[in-house]
Amino acid sequence: MTPSTAFGIGAALSAGTLTGAEIGLPGSGARKNARTRSGEGGAGTYLEVRDLTVTFDGFKAVDGVDLTLIQGDLRFLIGPNGAGKTTVVDAITGLVPATGTVDKSGQPVLGLKTHKIAKMGIGRTFQTASVFEDLTVEQNLDIAAGARRGPLTLLRRRHGREDKVTEALETIGLEHLAGTKAGVLAHGQKQWLEIGMLLVQDSDVMLLDEPVAGMGAEERQATGELLQRIAADRTVVVVEHDMDFMRAFATTVTVLAAGKVLAEGTVAEIQADPKVQQVYLGTAAETEETPR
């Protein structure tokens, strides 16, 4: 199993071509998945990151980052290019070596293999949705749901549909496209399918890397509403550059700069922080206000 399939987002099997298929927006009639997960106790799932450091050839891409991520918090991780946002996610999910500590509800994570991290319920997406394009939406979800089954049974035809697959289709708004090959889905729909693949794997910590990149306004709105629903009973972290999207949907925000945590708080607190205005948000404002 590759690292990507371990996270329920297998590498695309063939190049797909987008069609003019009608975009189904998630949210209409979708029911929120509120299953109780074992091992959470009264406090719920959390991810605690302490002194996380990633070094490449002597350069500290991530420098002593501390994060406390709790269930129900839709956390946005923002910062200028090169701030270390994606590298933080890579370190947590075992794709790059790191020092420090990462604990999920008290269970050590750092240093484990990617497939073991995935089995702990920590899932991630990448900037480009990676799905099995020659298989249908339902087959993609079925494979993700059966990640712990033997390889010979993954594609075996079964009678009926697993409840978790049905729930995921409703949540991501793709039930009407269950029999459609993933390769012909619109861009936003592929992102929703990838999130659905994490849902069926019971990932209760989700790390999403720029999930709305390249989406239109309607897709961004629908995606934000989807993230709000799944974050209600999960720990969700969104790496994002779209500041309008962040303002509309973030519960809390962590700002990274030069591999370190620059600021953390609510959207209002972050926007009012002079350091953030200077390093990140303010730069964009100055660009817009500069006379031509």
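Every read-out reported here was derived from the displayed coordinates using simple, explicitly stated rules and does not represent laboratory data. All values derive from a computational prediction rather than experimental measurement. No Cβ is skipped: glycine too gets one built from the backbone with ideal geometry, and neighbour counts run over all protein chains shown.
Annotations
- Least to most buried among Val49, Val237 (fewest other Cβ within 10 Å first): Val49, Val237
- Local electrostatic count, Arg124, Cβ distance below 9 Å [Lys/Arg +1, Asp/Glu -1]: -2
- Theoretical gain in end-to-end length, Gln127 to Gln278 [0.36 nm per residue, Cα-Cα removed]: 51.7 nm
- Gain on full extension, evaluated as 0.36 nm per residue between Glu48 and Ile70 minus their Cα-Cα distance, stands at 7.1 nm.
- Working from label points 7 Å from Cα in the Cα-to-Cβ sense, the Lys116 to Thr251 distance is 2.9 nm.
- Residue exposure sequence - Val137, Val276 - by fewest surrounding Cβ within 10 Å: Val276, Val137
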